[in-house]
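Data first, discussion second: the structure below is written as structure tokens.
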Amino acid sequence: MPRFKLPDVITGEMVDSKELNGTSMLVTFFATWCPPCIQEIPNLIELQNEYSSRNFSVIG
């Protein structure tokens, strides 16, 4: 995967994919005007919470 930098939606701090080396990631793209996108956010949060201890991150 190419290296990327994106702002954390909660803190606004930049997240560098290099810092996530060795982590399994689910990368998803969504828009605030997209109802199905908004509906899936609770599921993504649940995935992050359930699997974060196993080096899994949701990037969205």
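Each value in this text was obtained by applying a stated rule to the coordinates, not by laboratory testing. A quick note: this is a predicted structure, and the numbers were derived from the prediction, not measured. Ideal geometry is used to build each Cβ from the backbone, glycine not excepted, and the neighbour counts take in all protein chains shown.
Shape summary: the chain maps onto an equivalent ellipsoid whose semi-axes, from the alpha-carbon gyration tensor, are 20, 15, 10 Å in decreasing order. Net length available on complete extension from L44 to L26 is 5.6 nm, with 0.36 nm assigned per residue and the Cα-Cα distance removed. Restricting the GluC sites (Glu not before Pro) of the chain to loop positions (DSSP other than H, G, I, E, B) with no more than 12 neighbouring Cβ atoms within 10 Å leaves E13. In loop segments of the chain as defined by DSSP, the trypsin sites (Lys or Arg not before Pro) with at most 16 further C-beta atoms inside 10 Å of their C-beta are R3. Length available on full extension from E19 to M1: 0.36 nm per residue minus the Cα-Cα distance, which gives 5.1 nm.
For the chain, the longest principal axis of the alpha carbon atoms and the long axis of helix 35-51 meet at an angle near 40°. Each of Y51 and C37 was given a label point 7 Å from its Cα along the Cα-to-Cβ line. The distance between the two points is 2.2 nm.
Under 5 Å between amide hydrogens, built in the peptide plane, is the criterion, and for I59 it picks out L26, V27, T28 among residues at least 5 positions away or on other chains.
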